[in-house]
Amino acid sequence: MKTRRQFIKITTVGAGAAALGLYSLKVSGLNLFESKKEEEPASDEEMTATPTYCEVCFWKCAGWTYVDKKGKIRKIIGNKEDPHSKGRLCPRGTGGIGMYYDNDRLKTPLIREMRKDGSQYFRKAGWSEALDKVAGKMKEVAGRYGPEAFGLFNHGTPGGHLEHLMRAYGSETNAEPAYAQCRGPRSAAYYATFGAFIGSPECTDIRDTRCMVLIGSHIGENMHNTQVQEMSAAIDHKATIITVDPRFSTAASKSTFWLPIKPATDIALILAWIHVLIYENIYNKEFVHKYTFGFDELKAHVKNMTPEWAYGITTIEPDLIRKTAREMAGFAPAVVIHPGRHVVWYGDDTQRERSLAILTALLGAWGKRGSLYLPEAVHLPRFPQPEYPKPKWGWKDLNERKFSLATMGITTEIMKASIPRYNYKHQIKAWLTGGTNLPLSMPDKKLFKEAAEAVEFIAVMDTMPMEVTGYADVVLPEATYLERYDFIRAAQNRIPNVALRMPAIKPRFDSKPAWWITKQIGERLGLHAYFNYDDYSEVIDWQLKQIGTSLEEMKTIGVKSFPRQSGPLYIGNGEDYEFNTNTGKVELYSTDFADAGFDPLPIYTPHPEPPQNFYRLIYGRAPMHTFSRTQNNHFLWDLMKENSVWVNPKVSSLWGLKDGQKVWLKNQDGITTSFPVKVRITERVRWDTVYMVHGFGHSDKKLTRAYGRGASDEEMITRVAEDPIMGGTGMRGNFITFIQENPEVKRKEDKA
Ligand code: SF4
């Protein structure tokens, strides 16, 4: 009989901080973070330097880890040859040491047990027992329902190893929150328009741009390294920067123009810009006439979308709309229309991204210096193995119920397929997760909890006891990126390149690398042919040799660049160029969208307004933290321990709020934050909006530093606007109000 899965909080040992210094990056032109006095370091000659690429976020900057003679990691610095880091790491990257030294880490495999009274707990287990349990359940699921019924939620490089295991096993039922909770609308929109994805790192030619447009992109607070460094250079070169944001962000403070837009109205502004470019006849005629499809339809479509029309929606003055459109046209094609990264806001996000792609095309700002360059990645041959078996069904079959234009699995669809009452044709019975903290990354908490309760089994692989580990039947403690070999980094850039990650130090506690964990499970399933090596270094060496280098060489250089194979970085003037779309042209009018029954040209749709005494909640990032992953890292915690809620002075005086006062937040559905958050009174946010840095307010006591620090914006996101095109989960349609008394105390008083 199915047992209700209790959420288990893992008990802890006392925390202790290693006495190490933090080496922080100072980026010219942007004073983004405080630095901390560093400890007297050992000289480089006295230490061993090992190549790595960072995993504090997913930009994957290459660097060197320095370990002293006592076996202590002393510093991580950038690799000068790396196009991603340009030799410098951001403050989070230098603080990666804290991931290794975090005493709250998962230390040993854990297995869920039940006491006689029905309560549940985790028992420490050996690796053999834990791996047998996971492999045993995989065999059972394959036998009873087929391997496709075992779903995977993954993220980052560890997730890649899990994906290999699952594909060898026969399941392609996987999804990453990085798609439907982040970049998915961008992928769908740019693919429909240009026949190409933007990719990561984004192919933004910021270094040579004359004008950059940021719509809700927080470069500087979002420390994607290359972009921050190039934006700094662009500021030094006096590039025009146009920032559209309801908040005066760090990027806005460095901008020529700040457009404090009313939230949820961005499409209207972009359509008005398109109107100005077309009806003032200042679009890039050479590019449009040679390379695009559907100009006449677009021209007719935006005829009435004047700056005056947009003013009534966005609150941005018509003159400012015209002026900024002319500014872009004046610098075209050397304009970066930044496509954004976390773009799931209001449910019509693919259409907003389409309008950005169309604006880009009208400026001819694609494949030209200073716009979006044509990236290239090294192709790494796959280590010899049999073909993966072909599953009977997978994520595509789940999506095709509704989201035929999605290019990856959708987390919410996998969750719904895990719950019998949704009556999906294909049912999911068990999950494996790696590198993703689902209770915080999923906006619909009820859906997550119902799905987690419905499945028969959950195995979680992670380095830290995140909220998701509390739902596991088996917990697999993973080694940090400083302790393991991993896939070769071969991400796109201007120059194709590879980077090596290898262990700088032995895994702490009883943690193991993801490649080892997946190999052990695979072998228990009889999948030896897919794991035909003793150590992952053999795979790396074989792959490196296929492209003309070796593990031996890479250990000494860390990063190696290769000549481009795909042609120049930019499209030549007048060059014939075929785009990978149905028409071979840049599709201003999307034939894919028309065929699938969606608007082939983007339209503005009004979104719900905040109820009385409520304010729209927007959220973003801080330079020293990545999502909810880093709050317990003692170096990064030291730089920022909690978040605050930004409140406009008009609002604070209405409510009688004081700067620094702690309040609880309540959303439109009556949900209250678990912890209070400090009020920050500032003119830097519109009066109808409040802002929080994402990732705080952890509720797992095992995270001894992060527990209860600040409030979770995620708790306030209970309404999700689904993107009908690709299944994205728009999260900015939530509204909050303030509670000044502790709601727990109030509840008790009311009861009494
Ligand atoms: Fe690491 Fe910073 Fe690079 Fe992200 S941007 S990979 S945190 S150094």
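Quick notes
- Selection status of VAL498, at pLDDT below 95, within 18 Å of GLY156 (Cα to Cα) and within 25 Å of the chain's Cα centre (by Cα): no
- Residue list for segment 669-711, restricted to those being out of contact with any strand residue (DSSP E or B) (no Cβ under 7 Å at 6 or more places or on another chain), closer than 21 Å to PRO623 by Cβ and of a type outside the set (Lys, Arg): GLY695, PHE696, GLY697, LEU703
- Of the residues making up segment 429-457, those that are open to solvent by 40 Å² or more (accessible area, probe 1.4 Å) and assigned to a loop (DSSP other than H, G, I, E, B) number 3.
- Tally, over segment 472-493, of residues that are in contact with a Phe, Trp or Tyr (Cβ under 6 Å, 6 or more places away or on another chain) and either part of a loop (DSSP other than H, G, I, E, B) or open to solvent by 10 Å² or more (accessible area, probe 1.4 Å) (or both): 3
- When restricted to residues that are more than 15 Å from GLU722 (Cα to Cα) and open to solvent by 20 Å² or more (accessible area, probe 1.4 Å), segment 409-423 contains 4.
- Some residue of segment 340-349 being more than 30 Å from THR549 (Cα to Cα) and in a helix (DSSP H, G or I): yes
- Screening ILE521, ILE517 for residues that are modelled with pLDDT of 95 or more and touching a strand residue (DSSP E or B) at 6+ places or on another chain (Cβ under 8 Å) leaves exactly one candidate, ILE517.
- Selection from segment 190-229 of residues that are within 20 Å of THR240 (Cβ to Cβ), open to solvent by 10 Å² or more (accessible area, probe 1.4 Å) and within 12 Å of the ligand (Cβ to nearest atom): GLN227, GLN229
- Counting residues in segment 633-645 that are over 19 Å from ARG247 (Cβ atoms) and in a loop (DSSP other than H, G, I, E, B) gives one or more.
- From the list ASN532, ASN580, ASN573, the one residue that fits, being polar (S, T, N, Q), within 30 Å of MET305 (Cα to Cα) and open to solvent by 50 Å² or more (accessible area, probe 1.4 Å), is ASN580.
- Residue match in segment 583-597 (condition: part of a strand (DSSP E or B), of a type outside the set (Asp, Glu) and either without any contact (Cβ under 8 Å) to a residue 60 or more places away in the chain or more than 30 Å from ARG705 (Cα to Cα) (or both)): yes
- Residue within segment 330-341 that is aliphatic (A, V, I, L, M), modelled with pLDDT of 95 or more and open to solvent by 10 Å² or more (accessible area, probe 1.4 Å) present: yes
- Looking only at residues in segment 79-89 that are in contact (Cβ under 8 Å) with a residue 60 or more places away in the chain and not aliphatic (A, V, I, L, M), the one that is farthest from the ligand (Cβ to nearest atom) is GLU81.
Here is a yes/no grid of residues against (1) part of a helix (DSSP H, G or I); (2) closer than 30 Å to PHE194 by Cβ; (3) touching a helix residue (DSSP H, G or I) at 6+ places or on another chain (Cβ under 7 Å):
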residue: ALA529; (1), (2), (3): yes, no, no
residue: ILE540; (1), (2), (3): yes, no, yes
residue: LEU544; (1), (2), (3): yes, no, yes
residue: GLU552; (1), (2), (3): yes, no, no
residue: THR556; (1), (2), (3): yes, no, no
residue: ARG564; (1), (2), (3): no, yes, no
residue: GLY567; (1), (2), (3): no, yes, no
residue: TYR570; (1), (2), (3): no, yes, no
residue: TYR577; (1), (2), (3): no, yes, yes
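- Residue match in segment 115-134 (condition: of a type in the set (Gly, Ala, Ser), free of Cβ contacts under 8 Å to residues at least 60 places away in the same chain, out of contact with any helix residue (DSSP H, G or I) (no Cβ under 7 Å at 6 or more places or on another chain) and within 16 Å of the ligand (Cβ to nearest atom)): no
- Pair list, Cβ < 6 Å and 6+ apart or interchain, from segment 195-208 residues that are under 18 Å from VAL586 (Cβ atoms) to residues that are polar (S, T, N, Q) and open to solvent by 10 Å² or more (accessible area, probe 1.4 Å): GLY195/ASN580; GLY195/THR581; PHE197/SER187; GLY199/GLN492
- Filter result for SER171 (crowded, with 22+ Cβ neighbours inside 10 Å and out of contact with any Asp or Glu (no Cβ under 7 Å at 6 or more places or on another chain)): no
- Strands (runs of 3 or more DSSP E) contained in segment 88-166 and holding at least 2 residues open to solvent by 10 Å² or more (accessible area, probe 1.4 Å): 110-114, 120-124
- Each residue in segment 52-77 was checked for being within 14 Å of the ligand (Cβ to nearest atom) and open to solvent by less than 20 Å² (accessible area, probe 1.4 Å), and 12 pass.
- Taking first residues from segment 46-61 that are polar (S, T, N, Q) and partners that are open to solvent by 10 Å² or more (accessible area, probe 1.4 Å) and within 14 Å of the ligand (Cβ to nearest atom), the Cβ contacts under 9 Å between residues at least 6 apart in sequence or on separate chains come to THR50/TRP64; THR52/TRP64.
Matching residues to (1) over 28 Å from ALA264 (Cα atoms); (2) in contact with a helix residue (DSSP H, G or I) (Cβ under 6 Å, 6 or more places away or on another chain):
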| site | (1), (2) |
| --- | --- |
| GLU714 | no, yes |
| ILE725 | no, yes |
| MET731 | no, no |
| ASN742 | yes, no |
| VAL745 | yes, no |
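The values are calculated or read from the model by the stated rules, or taken from the named source; none is laboratory data. Since we're looking at a predicted model, the values are computed, not measured. Here Cβ is always computed from backbone atoms with ideal geometry, including for glycine, and neighbour counts include all displayed protein chains. Each accessible area value is taken on the protein alone, full model and side chains, heavy atoms only, with ligands, DNA and RNA left out. Shrake-Rupley method; radii C 1.70, N 1.55, O 1.52, S 1.80 Å.
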